[in-house]
Structures are given as C-alpha cells and as structure tokens.
Amino acid sequence: MSIFFTQEAIFHSPGQAPAVIICSPEILLFPLEIESVSVRIRMKRLGRKGRPFYRLCAIDQRSPRDGRVLEELGHYDPMCRETDARAILKGERIDYWVSVGAQPSENVQILIKKYGTNGTHLAAQQEALTRLGRTKVAKAQA
C-alpha cells in the first residue's frame, strides 16, 4: 500500500478505492473509510394475490422489497379504472429525497415524471380524481 502526500490532496494507491481529500499543509490527515448509505425510492408491494397495491417509499438500498422504510412518499394502485388516478405522490417530499441523493427505480422515475411536482399529466390526474369522487385528494394536490 502506497500513499502519496501533497499539499493539496492525499491519493491512495491504485489497488484501493480512489479518494481525494483536500487539506492544508499543516494538517496530517489519515485516510478515512466513509460508508455512504444509498437510499432508493422504490415501490413496496401490498395487497392480496391478484390485487396488487404499491406504496412508494424511500428505503435503504440493502433492505428487502417489503422491508423497513425511511418514509412513505405516495401510493400506486394499478387496479384503479382511471389510469391517471392510479398514482398519488407527495411531490415535495420526493423532491427532497432526490435532492439529498436518493435514486428512484425505473418505474418510480416514470411516475415522478408524470405525476411529480412538475409532472406532465397533473391536469389529467386532477380530472380523473374528480371523476372518481376523490375530491379530498384532488384538493390536497391542487
């Protein structure tokens, strides 16, 4: 293991994970192992057999699909007859988790693009929710 010291940074040898630490010349820094917890925004399956229901959750990447969640960010009901009323998202909280580095799964990324804060289908979603009679949800999202 070879470590090269300069005034600007400490570089690890190629056999280790690459790391650059900016420091002043007066301070001697030792390489630290920093473990970052990767947060994913993904769907947690609920419901019975043949009747799926999903919750969108911020969850540790290492947790199982239906494991402990950090925060619930909305829900998705694929059995709803109105296509645009299937997903109800908490846009502000999703924006927060994405801003701190959470990575949405592929399916969740599509839902965020359609029904997130600046979604492409928000007007159609409001109309679908009012047709279904879910006025409380429609008013809360407006």
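We did not get these values from a lab; they are worked out from the coordinates using the rules stated. Here the structure is a predicted model, which means the values were calculated and not measured.
Annotations for the structure displayed:
- Descending semi-axes in whole angstrom, ellipsoid equivalent of segment 75-119, from the Cα gyration tensor: 20, 10, 8
- In the structure shown, the pairs LYS49/LYS114; LYS49/LYS90; LYS90/LYS114 are assessed against 19 Å; a Cα-Cα span above that value is assigned to LYS49/LYS114; LYS49/LYS90.
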